[in-house]
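**Q** The structure's right below; bear with me while I get my questions together.
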Amino acid sequence: MKLQEIMTGGLVEMAYLGHGRCACPYLPGREMRLLYLDGIWVEHIYDKLLDAGFRRSGTHVYRPDCLGCNECKVLRVPIETFHRNKEQRRVWNQGIKVFTTRVAPAEYSHEKLSLQCRYLAHQHEQPDHELPDEDSYRRFLVDTCLGGRTRELQLWKDGSLVGLGIIDELPDALSTVNFFYDPSVAKWSPGTFSALAEIELARQWGKSYYYLGYYIAACKTMNYKSRFKPNQIKDCNATWDAPQP
């Protein structure tokens, strides 16, 4: 489903919540303009909306709708042909010795909030007054328009929760939403390991694709996504090209 079809198909009129603006977190000096839809209205076609550039946040779905900019691309990995590269094999072989993975319902706990705050303070140098509280954690990571299809992929080490990823299960795909970890385990590359574990989960569940969220070639913090290969990258109104080796 292309964006033009969504805009002319009546969905926006029913689900449209508005536009929001903020400083672009990916490209300095630019403004980001986001289109928001009520996810309850469109949850049954969310897999198609992913291909049109939408993502989920809580009970809303959104996509960049920036004037004169089309840098946010959709990136997905075909599960059947994915192969770990040398570095990913190293991270995987090391990680399976260090971490235990568990799939669980998306739920709130003070332990999870504390883990997220430690991650944001360390990884993004987020000041205390900007760290999430219980309400914002629930709205972003627990509330969902997809019901039980939103789950947690948890990483445990020595009996402690050290990493948590939110994933959405779709009819033929898994989509990663967010991941955070305890800074004490950073040396084991938990972000890469979590993505590899989610790809393995998609394989076990018989899915064809794994969606990694937006990819912006000019944004260094997103470059890692292109290292999961083969992959496919497209803008919202294009068709999928052949996988990039």
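Derivation of every value follows stated rules applied to the coordinates shown; laboratory data play no part. In this text the structure is predicted, and so the values were computed from the model without any measurement. Backbone-built Cβ (ideal geometry, glycine too); neighbour counts: all protein chains shown.
**Q** Lone cysteines in the chain, going by a 4.7 Å Cβ-Cβ cut-off?
**A** Cys22, Cys24, Cys72, Cys117, Cys145, Cys219, Cys236
**Q** Is the shape of region 116-165 rounded, prolate or oblate, going by the alpha carbon gyration tensor and its root eigenvalues a ≥ b ≥ c, with a/c under 1.5 for rounded and a/b larger than b/c for prolate?
**A** Oblate.
**Q** Applying the Karplus parametrisation 6.51 cos²θ - 1.76 cosθ + 1.60 with θ = phi - 60° to the phi angles of region 67-82, what ³J(HN,Hα) value in whole Hz is obtained for each residue in order, glycine and proline being reported as x?
**A** With the stated coefficients, region 67-82 comes to 5, x, 9, 9, 7, 6, 9, 8, 10, 9, 10, x, 5, 4, 9, 5 Hz.
**Q** Moving to a separate point now. What list of whole percents do you get for P(r) of region 1-135, with Cα-Cα distances grouped in 10 Å bins up to the one holding the largest distance?
**A** All Cα pairs, binned at 10 Å, distribute as 9, 25, 33, 28, 5, 0 percent.
**Q** Take every Cα pair under 8 Å in the chain that's 6+ residues apart, average their separations, divide by the length, and report that relative contact order as a whole percent.
**A** Over the chain, the number comes to 24 percent.
**Q** Find, among the GluC sites (Glu not before Pro) in region 78-127, those assigned to loop by DSSP (not H, G, I, E, B) with at most 13 other beta-carbon atoms within 10 angstrom.
**A** Glu80, Glu107, Glu125
**Q** Give a quick list of chymotrypsin sites (Phe, Trp or Tyr not before Pro) in region 152-211 that DSSP marks as loop, anything other than H, G, I, E or B, with at most 16 other Cβ atoms within 10 Å.
**A** Passing sites in region 152-211 are Trp205.
**Q** Follow-up question, since we're still on this one. Using 5 Å bins from zero, what percent of all Cα-Cα pairs in region 3-71 falls into each bin?
**A** 4, 17, 28, 26, 15, 9, 2, 0
**Q** Here is a follow-up. Rounded, prolate or oblate: which fits region 142-245, taking a ≥ b ≥ c as square roots of the Cα gyration tensor eigenvalues, rounded meaning a/c under 1.5, else prolate when a/b beats b/c?
**A** oblate
**Q** Could you identify which residue out of Arg76, Arg139, Arg151 has the top mean-square fluctuation in a GNM of the chain using Cα springs shorter than 10 Å?
**A** Sorting by GNM fluctuation, first place goes to Arg139.
**Q** Working out 0.36 nm times the residue gap between Trp240 and Val98, then minus their Cα-Cα distance, what length gain in nm do you get to one decimal?
**A** Extra length from Trp240 to Val98 when fully extended: 47.4 nm.
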